[in-house]
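Before any comments, here is the structure.
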Amino acid sequence: MKKNITPTLVRHRYIPLFLSLTLCLFTMGATAKNTDTYNLSAAMQPVAQENVFHDDEYFNWGSTIVKGKDGKYHLFYDQMPKKHGFYSWLTDGIVSRAVSDSPTGPWTKVQEVMAGRGDGHWDQYTVHCTKVYEFDGKYYLYYMSTNSGITDLTKEQLQEARSSDWKPGNLRNMLRLNQRIGVAVADNIEGPWKRFDRPVFEPQLPIANQSNNVTVTKRPEGDFLMVIRGDQPDQKPNEIIRMQAALLADNPLGPWKMQHKPVVINYNSEDPEVWYDAERKRYYNLYHAFGYMGMLTSTDGLNWERAKHYKVADKEYVTTTGKTVEVHRYERMGIYSENGKPLVMTAGIFLKNGDTHSLFIPLKQ
């Protein structure tokens, strides 16, 4: 009898503790999962004319908003000369700066900030897909650029590379494969900007070929998370599947360490925009998937899943007059936050008539 009593008593004695721990872990898991409540689609408000930023000589595209020490809002945005066509983003892109008293505009252009540095530099051609951040009192401008290697392109070859038509072996594909991410740093939002002799990293697994579409955010632990887009390895010669990967660094300048687990794989997506939601204690990743806009979420920035409110928008937006504007391309999204709350969503809009503008959508608080 004694041999049977002892184990039974021990088992019963720990049942309340076991149930308590189980309930605690279940509650913690449910609470963590339930913090995925942000509905960006429901927060998006109709846009007024002042929320549209257009240029007669340039294609206006993606943008980043930074609030300056002067109390004004500073917009860093991508531009391409209309005389070279929209697809000159790979060869002739520049980043410009505009200012406004409001993060939704209207904006006034004040400065062309940066362009390709020319022969002999890794960022020979174009400055594009820019993101600008203030970290600890300094400003960091991340950008994509490219070069033609040891080949000096003639004017005729450069014009050919500006074409939207790429295929394995042609000039545009060479410039595409040479895309890299770089960073410039400044003490003042107006510059001057210090550039570096090399990009911040070379493509490595899990991505291949090139790197583009950079986004950076500071983590609660004090280090930094970067998400970039590259090519998925081992694809057919005439096929491109774009994928996303994550990198970590202790400093905004790096060195950046590539993480082995992809953010997105086996699914065409680009233009990630990542931010940390301190209230919900999780990251969000907004991207476009060639037809619509989707959103991922993560509690650590490394393991991602579709957000509860995954589908954000189709290729259209609504104006304050009640008009629905259907567009050809809706890309380069960004989120501007104040006091930890998303306040504005930015985007590059390519209209069906071939023109473009930068868009600023107010977000309901």
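The values are calculated or read from the model by the stated rules, or taken from the named source; none is laboratory data. Predicted model, so just to flag it, every value in this text is computed and none were measured. Cβ atoms come from the backbone with ideal geometry, glycine included; neighbour counts cover every protein chain shown. For accessibility, only protein heavy atoms count, side chains too; no ligands or nucleic acids. Shrake-Rupley method; radii C 1.70, N 1.55, O 1.52, S 1.80 Å.
For segment 128-209, the per residue solvent-accessible surface stands at 48 Å², with DNA, RNA and ligands left out and a 1.4 Å probe. All other residues whose Cβ lies under 11 angstrom from that of Leu363 are scored, Lys and Arg at +1 and Asp and Glu at -1, for a net of +1. Here the peptides 113-121, 200-208, 242-250 are ranked by packing, the mean other Cβ count within 10 Å, and the order with the highest first is 242-250, 200-208, 113-121.
Over the Cα atoms of segment 124-256, the radius of gyration divided by the Kirkwood radius equals 1.00; this is the Rg/Rh ratio.
In terms of its C-alpha gyration tensor, segment 312-365 comes out prolate, because a/c is 1.5 or above and the ratio a/b outweighs b/c. Size estimate for the chain follows the Kirkwood approach: the inverse of mean 1/r over distinct Cα pairs works out to 21.9 Å. Using heavy atoms of the protein chains and a probe of 1.4 Å, the accessible area assigned to Tyr292 is about 50 Å².
Over segment 222-365, accessible surface divided per residue gives 43 Å², non-protein components excluded, 1.4 Å probe.
Roughly speaking, what is the stretch gain from Val325 to Ala208, that is 0.36 nm per residue apart minus the C-alpha to C-alpha distance, in nm to one decimal?
Details: separation 117, 0.36 × 117 = 42.12 nm, distance 3.63 nm.
Extending this stretch completely gives an extra 38.5 nm.
Each of Leu205, Val327, Val344 was placed along the dipole of the chain (beta-carbon charges, centred on the mean Cα), and the one lying farthest toward the positive end is Leu205.
By how many degrees, 0 to 90 and rounded to 10, does the Cα axis of helix 2-34 deviate from the longest principal axis of the chain? It works out to around 20 degrees.
Legend: distances between Cα atoms for Lys72/Lys218; Lys83/Lys323; Lys236/Lys311; Lys67/Lys131; pairs beyond 19 Å are Lys72/Lys218; Lys83/Lys323; Lys236/Lys311.
Report, to the nearest whole %, how much of the accessible area of segment 262-331 belongs to carbon and sulfur atoms, 1.4 Å probe, protein only.
Working: 1450 of 3120 Å².
Solvent-exposed carbon and sulfur of segment 262-331 make up 47 percent of the total.
Put the Cα centre of segment 100-178 next to the Cα centre of segment 268-328 and the gap is 25 Å. In a reduced charge model with +1 at each Lys and Arg Cβ and -1 at each Asp and Glu Cβ, segment 291-365 shows a dipole moment near 160 debye about its Cα centre. What whole-number value in Å² describes the accessible area per residue of segment 87-127 for a 1.4 Å probe? Per-residue value: 36 Å². In segment 200-337, a dipole from Cβ-located charges (positive for Lys and Arg, negative for Asp and Glu) runs towards its positive end, and of Val318, Val216, Tyr287 it is Val318 whose Cα lies farthest in that direction. For the chain, the dipole from Cβ point charges (+1 on Lys and Arg, -1 on Asp and Glu) about the Cα centre works out to 1680 debye, to the nearest 20. Taking label points 7 Å from Cα along the Cα-to-Cβ direction, Leu302 and His121 give a separation of 3.6 nm.
The heavy atoms of Arg332 offer some 10 square angstrom of accessible surface to a 1.4 angstrom probe. The apolar share of the surface of segment 37-126, taken as the fraction of accessible area on carbon and sulfur atoms (1.4 Å probe, ligands and nucleic acids excluded), comes to 48 percent.
Summing -39500 (n - 2.57) over the DSSP H runs of n ≥ 4 in the chain and dividing by its residue number, what mean residue ellipticity at 222 nm do you reach, to the nearest 500 deg cm²/dmol?
Using -39500 (n - 2.57) per qualifying helix, the result is -4500 deg cm²/dmol.
Across the chain, the mean sequence separation of Cα contacts (distance under 8 Å, 6 or more residues apart), normalised by length, yields a relative contact order of 16 percent.
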